[in-house]
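Input: a single structure, listed below in C-alpha coordinates.
The values are calculated or read from the model by the stated rules, or taken from the named source; none is laboratory data. No experiment lies behind these values; they were computed from the predicted model shown. Note: ideal-geometry Cβ built from the backbone for every residue, glycine included; neighbour counts use all protein chains shown. We work out accessible area using only protein heavy atoms, side chains counted, and drop any ligands, DNA or RNA first. Shrake-Rupley method; radii C 1.70, N 1.55, O 1.52, S 1.80 Å.
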Amino acid sequence: MIKLIHPRLTPARPDLAASYLRGKVEAARFVEGTARQVIDAQAPVRSSPRPDAPLLTEALKGERATIYETTEEGWAWGQLEADGYVGWLPANALAAPGPAPTHKVAVPRAAVFPGPSIKLAPVEALPLGAQVTISRVEGPFAVMASGGYVPMRHLAAIHASAHDPIAVAEMFMHVPYIWGGKTSAGIDCSGLVQVAFTACAIFCPRDSDMQEQALGCELPAGPALSDLRRGDIVFWEGHVALARDSETLIHANAFHMAVAIEPIAEAIERIRAAGSEVTRVRRVAASP
(Lines give C-alpha, C1' and ligand atoms only; values in the text may rest on other atoms or scores of the structure.)
Protein backbone atom coordinates (compact mmCIF):
# COMPACT_ATOMS: atom_id res chain seq x y z
CA MET A 1 0.00 0.00 0.00
CA ILE A 2 1.19 3.52 -0.75
CA LYS A 3 2.15 5.99 1.92
CA LEU A 4 -0.24 8.93 1.81
CA ILE A 5 1.54 12.27 1.67
CA HIS A 6 -1.49 14.25 2.75
CA PRO A 7 -4.10 12.26 4.70
CA ARG A 8 -6.11 15.51 4.88
CA LEU A 9 -6.55 15.21 1.12
CA THR A 10 -7.25 11.48 0.99
CA PRO A 11 -10.79 10.18 1.57
CA ALA A 12 -9.72 7.03 3.36
CA ARG A 13 -10.43 5.61 6.81
CA PRO A 14 -9.88 2.08 8.13
CA ASP A 15 -13.58 1.34 7.64
CA LEU A 16 -14.27 3.28 4.44
CA ALA A 17 -12.49 4.77 1.43
CA ALA A 18 -13.23 6.22 -1.98
CA SER A 19 -13.39 3.60 -4.71
CA TYR A 20 -10.61 5.26 -6.72
CA LEU A 21 -8.24 4.40 -3.86
CA ARG A 22 -8.83 0.67 -4.16
CA GLY A 23 -5.45 -1.05 -4.30
CA LYS A 24 -3.75 2.03 -2.88
CA VAL A 25 -5.06 2.06 0.69
CA GLU A 26 -6.48 -0.46 3.11
CA ALA A 27 -10.14 -0.12 4.05
CA ALA A 28 -12.99 -2.42 5.02
CA ARG A 29 -15.05 -1.19 2.06
CA PHE A 30 -14.84 1.15 -0.90
CA VAL A 31 -17.65 3.34 -2.22
CA GLU A 32 -18.15 5.50 -5.32
CA GLY A 33 -19.41 8.59 -3.55
CA THR A 34 -22.22 10.99 -4.43
CA ALA A 35 -21.88 14.48 -5.88
CA ARG A 36 -23.25 17.25 -3.66
CA GLN A 37 -23.23 21.04 -3.63
CA VAL A 38 -23.07 23.44 -0.69
CA ILE A 39 -26.35 25.35 -0.38
CA ASP A 40 -25.62 27.26 2.84
CA ALA A 41 -23.68 30.52 2.72
CA GLN A 42 -20.82 28.66 4.39
CA ALA A 43 -20.57 25.19 5.85
CA PRO A 44 -18.12 23.99 8.51
CA VAL A 45 -15.83 21.11 7.63
CA ARG A 46 -15.00 19.37 10.90
CA SER A 47 -12.59 16.67 12.02
CA SER A 48 -15.36 14.40 13.30
CA PRO A 49 -19.17 14.26 13.11
CA ARG A 50 -19.88 16.49 16.09
CA PRO A 51 -20.85 20.17 16.24
CA ASP A 52 -18.10 20.81 18.80
CA ALA A 53 -15.37 19.02 16.81
CA PRO A 54 -12.42 21.15 15.63
CA LEU A 55 -13.07 23.23 12.53
CA LEU A 56 -10.74 22.18 9.71
CA THR A 57 -11.92 24.58 7.03
CA GLU A 58 -15.11 25.95 5.53
CA ALA A 59 -16.94 25.18 2.30
CA LEU A 60 -18.68 28.07 0.58
CA LYS A 61 -22.03 28.25 -1.18
CA GLY A 62 -21.87 26.69 -4.63
CA GLU A 63 -18.82 24.58 -3.81
CA ARG A 64 -19.05 20.92 -4.79
CA ALA A 65 -18.05 17.85 -2.84
CA THR A 66 -18.09 14.09 -3.19
CA ILE A 67 -19.80 12.48 -0.20
CA TYR A 68 -18.90 8.92 0.79
CA GLU A 69 -21.00 8.52 3.93
CA THR A 70 -24.01 10.20 5.51
CA THR A 71 -24.88 9.34 9.09
CA GLU A 72 -28.29 9.09 10.71
CA GLU A 73 -27.27 12.02 12.91
CA GLY A 74 -27.03 14.28 9.86
CA TRP A 75 -23.31 14.40 9.07
CA ALA A 76 -21.73 13.85 5.67
CA TRP A 77 -18.13 12.69 5.21
CA GLY A 78 -16.46 13.53 1.95
CA GLN A 79 -13.97 15.50 -0.10
CA LEU A 80 -14.24 19.08 -1.36
CA GLU A 81 -13.76 19.45 -5.10
CA ALA A 82 -11.95 22.80 -5.10
CA ASP A 83 -8.99 22.01 -2.84
CA GLY A 84 -9.44 18.29 -2.10
CA TYR A 85 -9.92 18.72 1.65
CA VAL A 86 -11.57 15.83 3.50
CA GLY A 87 -13.84 16.14 6.51
CA TRP A 88 -17.34 16.11 7.98
CA LEU A 89 -20.01 18.59 6.88
CA PRO A 90 -23.59 19.06 8.08
CA ALA A 91 -25.69 17.03 5.65
CA ASN A 92 -28.42 19.68 5.59
CA ALA A 93 -25.91 22.17 4.17
CA LEU A 94 -25.69 20.02 1.02
CA ALA A 95 -27.99 19.18 -1.89
CA ALA A 96 -27.84 17.58 -5.30
CA PRO A 97 -25.82 19.78 -7.69
CA GLY A 98 -27.87 22.46 -9.42
CA PRO A 99 -27.18 24.53 -12.53
CA ALA A 100 -23.59 25.58 -13.16
CA PRO A 101 -22.72 28.81 -11.33
CA THR A 102 -22.57 31.95 -13.43
CA HIS A 103 -21.22 34.44 -10.87
CA LYS A 104 -19.24 34.63 -7.66
CA VAL A 105 -19.21 37.05 -4.74
CA ALA A 106 -16.47 39.67 -5.15
CA VAL A 107 -16.83 41.52 -1.84
CA PRO A 108 -16.15 40.32 1.73
CA ARG A 109 -19.87 39.69 2.32
CA ALA A 110 -22.90 40.19 0.07
CA ALA A 111 -26.42 40.46 1.47
CA VAL A 112 -29.18 38.42 -0.17
CA PHE A 113 -32.62 40.01 -0.04
CA PRO A 114 -35.98 38.25 -0.48
CA GLY A 115 -37.05 40.87 -3.03
CA PRO A 116 -35.76 43.82 -5.05
CA SER A 117 -35.41 46.23 -2.14
CA ILE A 118 -32.58 46.98 0.28
CA LYS A 119 -35.23 47.80 2.91
CA LEU A 120 -36.14 44.12 3.21
CA ALA A 121 -34.47 42.00 5.86
CA PRO A 122 -31.64 39.96 4.26
CA VAL A 123 -32.20 36.22 4.20
CA GLU A 124 -28.49 35.36 4.15
CA ALA A 125 -25.04 36.87 3.64
CA LEU A 126 -22.66 35.28 1.16
CA PRO A 127 -18.87 35.31 1.69
CA LEU A 128 -16.22 36.27 -0.83
CA GLY A 129 -15.85 33.46 -3.35
CA ALA A 130 -19.33 31.98 -2.90
CA GLN A 131 -20.72 30.84 -6.26
CA VAL A 132 -24.27 31.48 -7.45
CA THR A 133 -26.37 30.93 -10.53
CA ILE A 134 -28.05 34.12 -11.75
CA SER A 135 -31.21 33.72 -13.80
CA ARG A 136 -31.89 37.38 -14.59
CA VAL A 137 -31.10 40.96 -13.64
CA GLU A 138 -33.67 43.37 -12.25
CA GLY A 139 -32.31 46.89 -12.00
CA PRO A 140 -29.39 46.87 -9.55
CA PHE A 141 -30.15 43.31 -8.44
CA ALA A 142 -29.11 39.92 -9.75
CA VAL A 143 -31.80 37.30 -9.15
CA MET A 144 -30.49 33.91 -8.10
CA ALA A 145 -31.95 30.80 -9.71
CA SER A 146 -32.59 29.47 -6.20
CA GLY A 147 -34.33 32.69 -5.19
CA GLY A 148 -32.93 35.81 -3.58
CA TYR A 149 -31.76 39.19 -4.82
CA VAL A 150 -28.08 40.14 -4.66
CA PRO A 151 -26.67 43.58 -5.51
CA MET A 152 -25.18 43.10 -8.96
CA ARG A 153 -22.18 45.26 -8.07
CA HIS A 154 -21.22 42.71 -5.40
CA LEU A 155 -20.80 39.94 -7.98
CA ALA A 156 -18.28 39.09 -10.68
CA ALA A 157 -18.56 36.68 -13.59
CA ILE A 158 -17.61 33.16 -12.55
CA HIS A 159 -14.38 33.17 -14.59
CA ALA A 160 -13.34 36.72 -13.70
CA SER A 161 -10.34 37.10 -11.44
CA ALA A 162 -8.74 39.72 -9.26
CA HIS A 163 -5.19 40.78 -10.10
CA ASP A 164 -3.61 41.46 -6.71
CA PRO A 165 -3.82 38.90 -3.88
CA ILE A 166 -2.65 41.52 -1.39
CA ALA A 167 -5.56 43.81 -2.26
CA VAL A 168 -7.87 40.84 -1.67
CA ALA A 169 -6.23 40.06 1.68
CA GLU A 170 -6.55 43.70 2.73
CA MET A 171 -10.32 43.39 2.36
CA PHE A 172 -10.17 41.21 5.48
CA MET A 173 -8.43 43.72 7.72
CA HIS A 174 -9.49 43.37 11.37
CA VAL A 175 -11.53 40.22 10.67
CA PRO A 176 -11.34 37.99 13.79
CA TYR A 177 -8.84 35.14 13.84
CA ILE A 178 -10.75 31.85 13.79
CA TRP A 179 -8.92 28.55 13.37
CA GLY A 180 -10.23 26.90 10.20
CA GLY A 181 -12.16 29.98 9.08
CA LYS A 182 -11.99 31.45 5.59
CA THR A 183 -14.65 34.19 5.52
CA SER A 184 -15.10 37.72 6.81
CA ALA A 185 -16.82 36.24 9.88
CA GLY A 186 -13.49 34.69 10.88
CA ILE A 187 -10.34 33.50 9.14
CA ASP A 188 -6.99 31.90 9.89
CA CYS A 189 -3.55 32.49 8.37
CA SER A 190 -3.66 29.88 5.62
CA GLY A 191 -7.33 30.59 4.95
CA LEU A 192 -6.44 34.21 4.21
CA VAL A 193 -3.71 33.13 1.80
CA GLN A 194 -6.00 30.62 0.09
CA VAL A 195 -8.84 33.11 -0.32
CA ALA A 196 -6.46 35.78 -1.66
CA PHE A 197 -4.82 33.61 -4.30
CA THR A 198 -8.00 31.77 -5.26
CA ALA A 199 -9.66 35.13 -6.00
CA CYS A 200 -6.79 35.73 -8.45
CA ALA A 201 -7.39 32.37 -10.17
CA ILE A 202 -4.22 30.88 -8.67
CA PHE A 203 -4.73 27.41 -7.20
CA CYS A 204 -3.82 27.38 -3.53
CA PRO A 205 -3.95 24.45 -1.10
CA ARG A 206 -5.73 24.96 2.22
CA ASP A 207 -3.07 24.52 4.90
CA SER A 208 0.21 26.38 5.36
CA ASP A 209 2.41 23.27 5.14
CA MET A 210 0.82 22.39 1.79
CA GLN A 211 1.13 25.98 0.61
CA GLU A 212 4.81 25.99 1.57
CA GLN A 213 5.41 23.08 -0.77
CA ALA A 214 3.15 24.08 -3.65
CA LEU A 215 2.94 27.83 -4.14
CA GLY A 216 5.27 29.63 -6.52
CA CYS A 217 9.03 29.18 -6.41
CA GLU A 218 11.29 29.09 -3.38
CA LEU A 219 13.64 31.98 -2.69
CA PRO A 220 16.75 31.91 -0.49
CA ALA A 221 15.24 32.84 2.88
CA GLY A 222 18.06 35.11 4.06
CA PRO A 223 18.43 37.37 1.01
CA ALA A 224 14.69 37.22 0.27
CA LEU A 225 13.74 38.62 3.66
CA SER A 226 15.77 41.74 2.95
CA ASP A 227 14.21 42.17 -0.49
CA LEU A 228 10.59 41.09 -0.17
CA ARG A 229 8.19 42.07 -2.93
CA ARG A 230 4.44 42.57 -2.80
CA GLY A 231 2.79 39.16 -2.91
CA ASP A 232 5.75 37.16 -1.59
CA ILE A 233 4.78 34.49 0.93
CA VAL A 234 6.65 34.08 4.22
CA PHE A 235 6.38 30.78 6.10
CA TRP A 236 7.07 29.70 9.65
CA GLU A 237 6.25 26.28 11.06
CA GLY A 238 2.46 26.41 11.31
CA HIS A 239 2.11 29.99 10.12
CA VAL A 240 2.09 32.01 6.90
CA ALA A 241 1.97 35.71 5.98
CA LEU A 242 1.89 37.82 2.82
CA ALA A 243 4.32 40.65 2.11
CA ARG A 244 2.60 43.92 1.21
CA ASP A 245 5.91 45.54 0.25
CA SER A 246 9.52 45.40 1.43
CA GLU A 247 8.61 46.64 4.91
CA THR A 248 5.17 45.33 5.91
CA LEU A 249 3.17 42.11 5.82
CA ILE A 250 -0.44 41.13 6.34
CA HIS A 251 -1.55 38.00 8.13
CA ALA A 252 -4.30 36.49 10.25
CA ASN A 253 -2.64 35.67 13.54
CA ALA A 254 -3.35 34.63 17.10
CA PHE A 255 -1.25 37.46 18.58
CA HIS A 256 -3.58 40.17 17.32
CA MET A 257 -6.48 37.66 17.13
CA ALA A 258 -7.33 39.30 13.83
CA VAL A 259 -6.04 40.05 10.36
CA ALA A 260 -3.37 42.70 10.88
CA ILE A 261 -0.67 44.61 9.04
CA GLU A 262 2.65 44.97 10.83
CA PRO A 263 6.31 45.69 10.06
CA ILE A 264 8.09 42.62 8.71
CA ALA A 265 11.06 42.96 11.08
CA GLU A 266 8.75 43.35 14.07
CA ALA A 267 6.71 40.27 13.14
CA ILE A 268 9.81 38.15 12.54
CA GLU A 269 11.31 39.16 15.88
CA ARG A 270 8.08 38.58 17.78
CA ILE A 271 7.58 35.13 16.26
CA ARG A 272 11.26 34.31 16.82
CA ALA A 273 10.86 35.19 20.49
CA ALA A 274 7.99 32.71 20.63
CA GLY A 275 10.38 30.02 19.33
CA SER A 276 9.84 29.94 15.58
CA GLU A 277 12.09 31.02 12.71
CA VAL A 278 11.16 31.72 9.10
CA THR A 279 11.32 28.40 7.25
CA ARG A 280 10.78 29.49 3.65
CA VAL A 281 9.94 32.39 1.36
CA ARG A 282 8.13 31.77 -1.90
CA ARG A 283 7.24 33.99 -4.84
CA VAL A 284 4.25 33.49 -7.10
CA ALA A 285 5.08 34.72 -10.59
CA ALA A 286 1.56 36.02 -11.22
CA SER A 287 1.72 38.32 -8.18
CA PRO A 288 2.20 42.04 -8.94
Checklist outcome for this item: So the carbon and sulfur contribution to the accessible area of the stretch 179-224, 1.4 Å probe, in percent, is 64 percent
Checklist entry - So what's Rg/Rh here for the stretch 18-73, counting alpha carbon atoms and using the Kirkwood radius for Rh? => result 1.01
Checklist entry - In sequence order, what are the phi-derived ³J(HN,Hα) couplings for the stretch 146-157 according to the Karplus relation 6.51 cos²θ - 1.76 cosθ + 1.60 with θ = phi - 60°, rounded to whole Hz, with x for glycine and proline? => result 8, x, x, 10, 10, x, 4, 5, 8, 10, 9, 4
Checklist entry - Whose amide H sits under 5 Å from the amide H of Leu155, counting only residues 5 or more places off or on another chain, with H placed in the peptide plane? => result Ala106
Checklist entry - For the stretch 84-93, in order, what is each residue's ³J(HN,Hα) by Karplus, 6.51 cos²θ - 1.76 cosθ + 1.60 with θ = phi - 60°, in whole Hz (x at glycine and Pro)? => result x, 5, 10, x, 9, 10, x, 5, 6, 8
Checklist entry - According to the Kirkwood expression over distinct Cα-Cα pairs, how big is the hydrodynamic radius of the stretch 42-164, in Å? => result 15.4 Å
Item to check | DSSP-assigned coil residues among trypsin sites (Lys or Arg not before Pro) in the stretch 192-243, each with at most 11 further Cβ atoms within 10 Å | outcome: none
Checklist entry - How would Met173, Met144 rank on accessible area, largest to smallest, probe 1.4 Å? => result Met173, Met144
Next on the checklist: With a cap of 10 neighbouring Cβ atoms within 10 Å, and only residues DSSP puts in a loop, list the trypsin sites (Lys or Arg not before Pro) found in the stretch 1-82.
Outcome noted: Lys3, Arg29
Checklist entry - When the helix-only estimate is applied to the chain (DSSP H runs of n ≥ 4, each -39,500 (n - 2.57), divided by the residue count), what is the mean residue ellipticity at 222 nm, nearest 500 deg cm²/dmol? => result -3500 deg cm²/dmol
Checklist entry - So which GluC sites (Glu not before Pro) in the stretch 23-103 end up in coil per DSSP with only 11 or fewer other C-beta atoms within 10 Å? => result Glu26, Glu32, Glu72, Glu73
Checklist entry - Which FRET efficiency value, to the nearest 0.05, is calculated for Ala157 and Trp179 with the Förster distance at 30 angstrom and r the Cβ-Cβ distance? => result 0.40
Checklist entry - Given 5 Å bins starting at zero, what is the percent of C-alpha pairs of the stretch 102-168 in each, up to the one with the largest pair distance? => result 4, 20, 30, 25, 11, 7, 3
Checklist entry - How high is the FRET efficiency between Ala95 and Cys217 when r is their beta carbon distance and R₀ equals 41 Å, given to the nearest 0.05? => result 0.50
Item to check | Fraction in percent of alpha-carbon pairs per bin - 10 Å, the stretch 1-96 | outcome: 18, 52, 27, 4
Checklist entry - Cα-based Rg (one decimal) and Dmax (whole number) for the stretch 163-240, in Å? => result 12.3, 36
Checklist entry - Any idea of Cys189's accessible area? Nearest 10 Å², probe 1.4 Å. => result 10 Å²
Item to check | Globularity ratio of the stretch 65-119, using Cα Rg and 2.2 N^0.38 Å | outcome: 1.50
Next on the checklist: What three numbers, in Å, describe the spread of the alpha carbons of the chain along their principal axes, ordered from the longest?
Outcome noted: 56, 51, 33
Checklist entry - For the stretch 187-288, what is Rg from Cα atoms divided by 2.2 N^0.38 Å, rounded to two decimals? => result 0.95
Item to check | Antiparallel DSSP beta bridges within the chain, percent to nearest 5 | outcome: 95 percent
Item to check | Charge context of Ile166, other residues only, Cβ under 11 angstrom, K/R +1, D/E -1 | outcome: -1
Item to check | Accessible surface, 1.4 Å probe, highest first, among residues Tyr149, Tyr85, Tyr20 | outcome: Tyr20, Tyr149, Tyr85
Item to check | Antiparallel %, DSSP beta bridges [both residues in the stretch 1-112], to 5 | outcome: 90 percent
Next on the checklist: As a test, work out the antiparallel percent of DSSP beta bridges whose residues both lie in the stretch 159-288, rounded to the nearest 5.
Outcome noted: 95 percent
